[in-house]
Each structure stands twice: as C-alpha cells, then as structure tokens.
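Take a look at the structure below.
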Amino acid sequence: MKDRTWETEFESHTIRVINKISLRPPFTGEVLEIDGEIVDEIRGDIFRAISTLTGKLEIDGKEQNIEARIAPNWGRIRTGCQIFVDGVQVGGDYAIRYPDPKIMDAHSNKGFFNYFLRRGLLRFGVFFVVFMTLIFHTEPLPELIIKSVYLAFFLAVAMSFMQWRGIRSRVKHIENLHPGKNGI
C-alpha cells in the first residue's frame, strides 16, 4: 500500500510526516522528519486510532516544539495529519478527528476503566445495541437483548482500547517533549 506523506516548510526547515501502511507486519508506522532526519517514530501498532509524534527544532537559538497529529480525516476514509510548531498549526490537513488534547489528558489521568465507562460504553456500546435491535427485530426479544448487549460490550471494549492506546501514546510523547511535566 502507498504511504501518506505531509510536508511543510517552516522558517527554512522542512518538516515531513509519513504514515506507513503495509499488509505485512508491523502493518503501520509513523515517522516525523525534520530536514531529512528522523526525530520521532512509532512502529507497528494497528490497535491505535490516533497517533502523536513530537520533536524539537532550534531556530535562532530558540527551541521550538514540533507536534504531528495523525487521525482519520473528517468526511473521508483516509488518514489525515496536522503539523504544529509551538501549538500553532503550520501544515497538514484542515480538519481531522483528533480529540481535544486537554480532554485526552484528563482521561489519561483517570485510567482506562473510567474511560471505558464514560466514553467507550456510551459512544460505541449503546449505538451498537440500538443498531442490532433494528437489524434483528424479528428475533425473540430476550434473545435479541442478550445478544445485543453481549456484542455491544465487546465492541465497546475493542474500540475503547484502540482510542486508549492513542491517548496513552500521546501522553508518552508529550512527556518526552517536556520532561518533568508529567505529560500535561
């Protein structure tokens, strides 16, 4: 499969983000390059819905923080990317489905179980129960409810886990960018 690449020029430096996709393991990977040098890389995690890459760039003696956010595009099936320098978007796609970083940090502090109950179960599980009920409405009601709830629970766990992996990955990368700030 073809890799997706986003590139931008900032203060005469080239910032490039590459989303590598393969049908063979490790399946996916993301790379952040500054002036052709790899400064951050994530390899082989298909169980992540979003990704964050970070790096630093020194311009005129001042250190600039680079952050690349990778997530699905709004309104498209393809992956999108936004490139930030010190919190200001300088390149990439206009809109992607990347969650608000402050909300992600709050979820990260409360743990996976809290995230699953407050976000995953409501966001994925309830929708799936309604969907299953509409599709299989001819089955006996008790059997339909048991099947729907059982399947919705496992769908919510799987989707929450994928979202959670992206949240934890972001926290880890921000901790590496700002040591001593505990990721926030």
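What follows is calculated from the coordinates using simple rules that are stated; it is not laboratory data. None of the values given here were measured: they were computed from a predicted structure. Here the Cβ is made from the backbone with ideal geometry for all residues, glycine too, and neighbour counts use every protein chain on show.
Could you please rank 6, 74, 164, placing first whichever residue has the fewest other Cβ atoms within 10 Å of its Cβ?
Numbers: 6 19, 74 12, 164 22.
Starting with the residue having the fewest Cβ neighbours, the order is 74, 6, 164.
Relative to the compact globular guide of 2.2 N^0.38 Å, what is the alpha carbon radius of gyration of the chain, as a ratio? Write out the running numbers ahead of the final one.
On the way: Rg = 19.3 Å, N = 184, 2.2 N^0.38 = 16.0 Å.
Here the answer is 1.21, to two decimals.
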**Prompt:** In nm, to one decimal, how far is the modelled label at residue 130 from the one at residue 149, with both set 7 Å along Cα→Cβ?
**Reply:** 1.9
**Complete:** Per the 1/(1 + (r/R0)^6) rule, R0 = 35 Å and r from the Cβ atoms of residue 113 and residue 12, FRET efficiency to 0.05 is 0.15
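What trypsin sites (Lys or Arg not before Pro) does segment 81-184 have in DSSP loop regions with at most 10 other beta carbons within 10 Å?
Working: sites: 97, 102, 110, 118, 119, 123, 147, 165, 168, 170, 172, 181; in loops: 97, 181.
Loop-located and lightly packed - 181.
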**Request:** In whole Hz, with x marking every Gly and Pro, tabulate ³J(HN,Hα) for segment 144-152 from phi via Karplus 6.51 cos²θ - 1.76 cosθ + 1.60, θ = phi - 60°.
**Result:** 4, 5, 4, 4, 4, 5, 4, 5, 5
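Using 0.36 nm per residue of separation minus the Cα-Cα distance, give me the extension gain between residue 161 and residue 38 in nm, one decimal. Mind dumping the intermediate values first?
Numbers: separation 123, 0.36 × 123 = 44.28 nm, distance 2.82 nm.
So the chain would gain 41.5 nm between residue 161 and residue 38.
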**Fill in**
Cβ-Cβ cut-off under 10 Å around residue 57, Lys and Arg +1, Asp and Glu -1: the net charge is -3
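Rounded to the nearest 20 debye, what is the charge dipole size of segment 102-162 about its Cα centre when +1 sits on each Lys and Arg Cβ and -1 on each Asp and Glu Cβ?
On the way: 6 positive and 3 negative charges, 69 e Å.
So the magnitude is around 320 debye.
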**Asked** If one takes the longest principal axis of the Cα atoms in the chain, at what angle in degrees, from 0 to 90 and to the nearest 10, does the Cα axis of helix 126-135 lie?
**Response** 50
**Prompt:** If we count every other residue with Cβ under 11 angstrom of residue 98's Cβ, Lys/Arg +1 and Asp/Glu -1, where does the sum land?
**Reply:** 0
**Complete:** Under 5 Å from the placed amide H of residue 29, counting only residues 5+ away or on other chains, we find 20, 44
**Message:** How big is the dipole moment of the chain about its Cα centre under a simple scheme where the beta carbon of each Lys and Arg is +1, that of each Asp and Glu is -1, and everything else is neutral? Debye, nearest 20, please.
**Reply:** 940
**Request:** Give me 137, 107 ranked fewest to most by other Cβ atoms within 10 Å of their Cβ, as a rough exposure proxy.
**Result:** 137, 107
**Pair residue 4, residue 168: separation of 7 Å Cα→Cβ label points (nm)** = 2.4
**Asked** Straight-line reach from residue 147: which lysines have Cα under 16 Å away, leaving out those fewer than 8 places along the same chain?
**Response** none
**Asked** Leaving out same-chain residues fewer than 8 places away, which aspartates and glutamates sit with a Cα under 14 Å from that of residue 2?
**Response** 30
**Message:** Give me the net charge for the shell around residue 6: Cβ to Cβ below 9 angstrom, other residues only, Lys and Arg +1, Asp and Glu -1.
**Reply:** 0
**Request:** Could you work out how far helix 101-110 tilts from the main Cα principal axis of the chain, as a 0 to 90 degree angle to the nearest 10?
**Result:** 60
